[in-house]
Amino acid sequence: IVVELLRLPDINVNALTRDHKTALDIAEGLPFSEESSEIGKNLARCGAVRANELNQPRDELRKTVTEIKKDVHTQLEQTRRTNKNVHGIAKELRKLHREGINNATNSVTVVAVLFATVAFAAIFTVPGGDDDKGVAVVVTHASFKIFFIFNAIALFTSLAVVVVQITLVRGETKSERRVVGVINKLMWLASVCTSVAFIASSYIVVGRHFEWAAILVTVVGGLIMAGVLGTMTYYVVKSKRSRTIKKKERYSRRSGSTSWHHSEFSESEINPIYAI
């Protein structure tokens with residue numbers, strides 16, 4: 001019967017029973033006889049093996065898969081912890097960034113109020129004095145006209161900054177940074193106008209008798225303001241250019257790889273110094 005079964009084309013000579021035994025295991029477990037010996041030889045001739053020999057590669061494969069699963073689980077756990085730490089750092093950086101913007105806006109508000117106060121008081125204590133009717137004595141001089149115009153620009157620019165700072169609602173960080181950038185430019189304008197107004201008033205007060213003093217004030221003030229504004233302009237342009245380059249690099253990395261996504265931490269890089 002065994003010989004006839006082994007001749008079937010779809011026979012599986014190494015099929016396992018519920019006890020995980022092959023036909024060869026069962027044949028070897030039979031009492032020793034000529035028939036059992038003949039059955040074992042026929043099974044071996046057709047490729048029959050013992051169960052332990054049959055399952056050895058499978059056990060090794062199962063062991064390898066288990067180790068791979070363990071390693072993958074460990075790596076996923078480490079990745080999860082790393083992402084958690086990265087998100088925590090990014091949260092702290094956003095907090096520091098927001099605090100920096102809030103400090104900048106508060107400082108700008110105080111400075112804008114001081115500029116507005118000085119510019120408002122300057123029109124009532126005009127350089128050169130006024131006559132009995134309250135009209136400035138040097139109202140016809142070009143230096144007074146320059147003083148009056150630039151003092152007014154500094155006053156209204158500072159008041160505009162104060163109004164914006166009072167009515168501004170704190171919200172998204174990027175929008176706040178853009179608003180602070182515009183406000184800072186307005187304060188630059190107010191500083192330049194105040195400097196020009198002071199230089200014009202120096203020509204009114206001492207220019208008629210000590211013109212060299214007015215020229216000296218003009219040179220010193222012009223050099224200081226030009227140096228400061230030039231340096232800040234350089235940092236503004238450099239900061240914007242570096243941010244543009246970093247955005248292009250991040251976009252190229254994202255488009256080149258679909259298996260990795262940058263976290264928000266990589267988008268919150270803090271430079272040692274930057275200008276808004």
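The values are calculated or read from the model by the stated rules, or taken from the named source; none is laboratory data. Note that the structure is a prediction, hence the values are computed from the model and not measured. Note that each Cβ is placed from the backbone with ideal geometry, even for glycine, and that neighbours are counted across all protein chains shown. The protein model used for the area step is the full one, side chains on, heavy atoms only, and it has no ligands, DNA or RNA in it. Shrake-Rupley method; radii C 1.70, N 1.55, O 1.52, S 1.80 Å.
With modelled with pLDDT under 85 and part of a loop (DSSP other than H, G, I, E, B) as the only criterion, which of 179, 139, 108 stands out?
Answer to the selection: 139.
Failed condition for residue 202, given (1) under 25 Å from residue 114 (Cβ atoms); (2) hydroxyl-bearing (Ser, Thr, Tyr); (3) open to solvent by 30 Å² or more (accessible area, probe 1.4 Å), with all others met?
Single failed check for residue 202: (3).
Quick one: which of 125, 74, 79 is out of contact with any strand residue (DSSP E or B) (no Cβ under 8 Å at 6 or more places or on another chain), loosely packed, with under 14 Cβ neighbours inside 10 Å and within 22 Å of residue 200 (Cβ to Cβ)?
The unique qualifying residue is 125.
Would you mind stating whether residue 96 is on the phi < 0 side of the Ramachandran plot, aliphatic (A, V, I, L, M) and in a helix (DSSP H, G or I)?
So residue 96 passes the test.
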